[in-house]
1. To the nearest 500 deg cm²/dmol, what mean residue ellipticity at 222 nm is calculated for the chain from DSSP H runs of n ≥ 4 alone, each contributing -39,500 (n - 2.57), summed and divided by the residues?
2. Using 1/(1 + (r/R0)^6) with R0 = 35 angstrom and r between the beta carbons of residue 104 and residue 139, what's the FRET efficiency to the nearest 0.05?
3. Calculate the length of the line joining the C-alpha centroid of region 9-25 to that of region 109-130, in whole Å.
4. Which FRET efficiency, nearest 0.05, do residue 9 and residue 77 yield, Cβ-Cβ r, R0 30 Å?
5. Placing +1 on the Cβ of each Lys and Arg and -1 on the Cβ of each Asp and Glu in the chain, which of 4, 18, 85 has its Cα farthest towards the positive end of the resulting dipole?
6. For region 36-135, which trypsin sites (Lys or Arg not before Pro) pass both filters: DSSP loop (anything but H, G, I, E, B) and at most 14 other C-beta atoms within 10 Å?
7. Is the C-alpha gyration tensor of region 62-139 telling us rounded, prolate or oblate? Criteria: a/c under 1.5 is rounded; beyond that, a/b larger than b/c is prolate, otherwise oblate.
8. About the Cα centre, and with charges only on the beta carbon of Lys, Arg (+1) and Asp, Glu (-1), how big is the dipole of the chain? Nearest 20 debye, please.
Amino acid sequence: MRILVVEDDPDLNRQIVAALGDAGYVVDKAMDGEEGHFLGETEPYDAVVLDLGLPPSPNTPEEGLSVLSGLLVLDRQAKVIVASGQGDRQNLLRAVGAGAYDFLVKPVDMDELGLVLKRCVHVAQLEREYRALQESTRA
């Protein structure tokens, strides 16, 4: 399973990447939205862990929401888990409304992240199998 982590805090990025790597995932990391979008264009990911507060405006959710939208344009079935210290209801609703699969409030609990990832990777696999089955029945 391949996961992308887009997080501008180097310590948190390293922590999430290490925890997911220890859990058996193949993990790529990006430190900003531009790099995250580029990686999303070049690699298929089972899930993305995305910080909402990214440069150039780390105190607002705008860059993270923009990256979320861009990733979903690349893959409508993408499972994006949004993580943010800006845990108010409005940002949660905006992220889910924009297509986020789930939302975690920072500091990210690694056990909770593991459970959410396990669920979203399972759902992504089921969706891929369903699409493959649909294509084979059409042929």
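1. Calculated mean residue ellipticity at 222 nm is -17500 deg cm²/dmol.
2. Step by step, r from the Cβ atoms, then E = 0.30.
3. That distance is 16 Å.
4. After rounding, the FRET efficiency stands at 0.60.
5. The listed residue farthest towards the positive side: 4.
6. 76
7. Cα axes put region 62-139 in the oblate bin.
8. 600 debye
The values are calculated or read from the model by the stated rules, or taken from the named source; none is laboratory data. None of the values given here were measured: they were computed from a predicted structure. Neighbour counts run over all protein chains shown; Cβ positions are idealised from the backbone, glycine included. When the accessible area is computed, the model is the full protein with side chains, heavy atoms only, and any ligands, DNA or RNA have been set aside. Shrake-Rupley method; radii C 1.70, N 1.55, O 1.52, S 1.80 Å.
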